[in-house]
Amino acid sequence: MVCEQLYYPISSPGGSVEDVNRYCPGGYHPVYLGAVFNSRYVVLHKLGFGTFSTVWLARDHFTNRLVALKIGRAVYGSFMKAEGIQRLLGSGWLEQFEFRGPNGAHVCVVIEVMGPTLEVVMNMVKTLDPNGGMPDYMRMRMAISLARAVARMHLHGVVHGDIHGNNIVFHIPGMKNWTDHQVYEYFGVPRFSSPVRRLDGSQVVPRAPQSLVYAAATPLKILPLCFEHVDLRFIDFGGSFYCHRGYCVQKRLNTMLENAAPEVHLLDFVSSAVDIWAMACVFFRLFAGHSLFASNINELWTMADILASQNNPPNRWSRVLGYYYTRMEKSWKSFPPWFRQKPSLISRLLSVPRYSSWEWLVLMLTMLDLDPSARLDAESVVGRIPWIIADAVNGRRYVEEALYGCRCSLCTHRGKVSTAPELCVASGYSTAASGLRSAIISS
C-alpha cells in the first residue's frame, strides 16, 4: 500500500525518524509519549521503526517491567504471520492485542525489551578502536551464541530468511527491571522533530502526530552490558517460513544482497540452508570487519562476485546461470577494475587475521557451498566452532571465555551449566574435547 504525499518532509539531523507520509489510512498509528495501550502499557520512549511497524518502549503497570510494543500498520497480513512464528519460538513474545485508531485496525505485539543490534555494537566498537579492538574471545562468544540461536530456530522448523547484523540483537539480563531514571540514563531523554505540517494546510491530528519522536540513541555505556553475558536473539521475522527438511518453498526472499545465498538470487527452492549461508557472511563480517561479498550495488554484481569466488554450481542451475553469464558479459566492462580482480573465496577467508586456520577454512567453505544440500546444518556449525577457537588462539583463557555456559567436557570442571545442553558446542567431539580439557587443566 502506498500513501499519498500529504505532509512536508521532516528532516532528521542527528536522529532517526520514520516517513511522516506513512501516517495515512492503512498506515502507522500515531503514538504519543504517555499514551496507554490495553489499559496497562504506558509509552516511555521510541525504540525504532520499520516498513510495517513502529516500536516503542513502555512500562507494564501490572508487573512494573519494561516491554517493547511493536505496533503494526493497519495493513498487517505478513506482520501477523511473522509474530505467529515469533510466538512459536518463544522469542520474547509476551502477548498481542488489536485496537482501532484513526488510520484503521492495528495489531500490537508485546515483546521482551532487547538491547542494541549486532551491527550497532560492531560499529560502536570500530568507532572506539578503528583497528577492531574487540577481544578475540568476545567475537567467538558472539559466533557461538549466533549459531545456537539459528540451531534452536531450525529445530522448530523455522527459517528466518533475512539474517544480518541489524536483525540480530543482544539480550541484556535485567533490562526489563530498569527504572525510568535508568531508561533515560542509557537512552537519553526523548527528542522531538519539528511540527508536522500538511501540504494543504489542513489539520494534522488525528491521522498523524503533532511531532515525530526521534528513535532512542545507543550510548557507549551499554557495551559492557552487552558483553557481560553474550546472548544473541533474532528480530524481524517478516520473511520467515516453515521448513523441516529438504527444499521447502520456491519464493522470493527479501534478504540483504550481501548475505543472500545464490538460490535466493536465482529464485530456486529455498530451505534452511539460506540461513547457514547468511550466518557465514555474518561470521566473516564479525571477524574481518567488512562484507564477504559485494554489497550496496545490485543483484547482478553480488551474484557475479559469488560466482567469481567459486566455480562449482549445481547442474540444475545451468540454464538460469546461462542467463546470468550473458548479462555479466554485457556488463563486464562497466565493472570497475577492482571488482574484476576479486580474489577466490579461499583467499578471502584466509585473509582474516588470526583466523586463517584449517578448521576456520573448512567450516566456512562448508557453510558457503554453492549447493544448498551440501551445506552444514546449524547444529554441526555449533559443534565445530570450539576447535576453531583452540586452533586459532591456542589459549586457555580464550577457550574458557568462548565456551562460557557450555556443559561439555571442556568446561564441566568449572561447574558451568548450559542453558541448552542439547546444543552443546562439543557434541560429537568428545575425544578431542578430552584431550583439550586435559591440556587446559594442566596449564
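Odds and ends about this structure:
- Proximity of backbone amide H atoms, modeled 1.01 Å from N, is registered between residue 248 and 270, 271 at under 5 Å, excluding neighbours fewer than 5 places apart on the same chain.
- The stretch 38-51 - phi-based ³J(HN,Hα) in whole Hz, Karplus 6.51/-1.76/1.60, Gly and Pro as x: 6, 6, 8, 9, 9, 6, 10, 7, 10, 8, x, 7, x, 5
- The stretch 315-323 - phi-based ³J(HN,Hα) in whole Hz, Karplus 6.51/-1.76/1.60, Gly and Pro as x: 4, 5, 8, 4, 5, 5, 5, x, 5
- Local electrostatic count, residue 122, Cβ distance below 13 Å [Lys/Arg +1, Asp/Glu -1]: +1
- Each of 36, 196 was scored by other Cβ atoms within 10 Å of its Cβ. Listed from fewest to most, they are 36, 196.
- Between the amide H of residue 49 and those of 55, distances stay under 5 Å, these residues lying 5 or more places away or on another chain, with hydrogens modeled in the peptide plane.
- Between amide H atoms placed 1.01 Å from N, distances below 5 Å from residue 10 occur with 20, all of them 5 or more places distant or on a separate chain.
- Residue by residue, the stretch 134-139 carries 3J(HN,Hα) couplings of 5, x, 4, 5, 5, 4 Hz when phi is fed to the Karplus relation 6.51 cos²θ - 1.76 cosθ + 1.60 (θ = phi - 60°); x denotes Gly or Pro.
- With the convex hull of the Cα atoms taken as the outline of the stretch 160-199, the averaged projected area works out to 6.1 nm².
- Here the translational diffusion coefficient of the stretch 164-260 follows from Stokes-Einstein with Rh set to the Kirkwood radius across Cα pairs; for 25 °C and 0.890 mPa s it amounts to 136 µm²/s.
The numbers here are math on the coordinates, done by the rules we state, and not lab data. Note that the structure is predicted; figures quoted are calculated from it, not measured. Ideal geometry is used to build each Cβ from the backbone, glycine not excepted, and the neighbour counts take in all protein chains shown.
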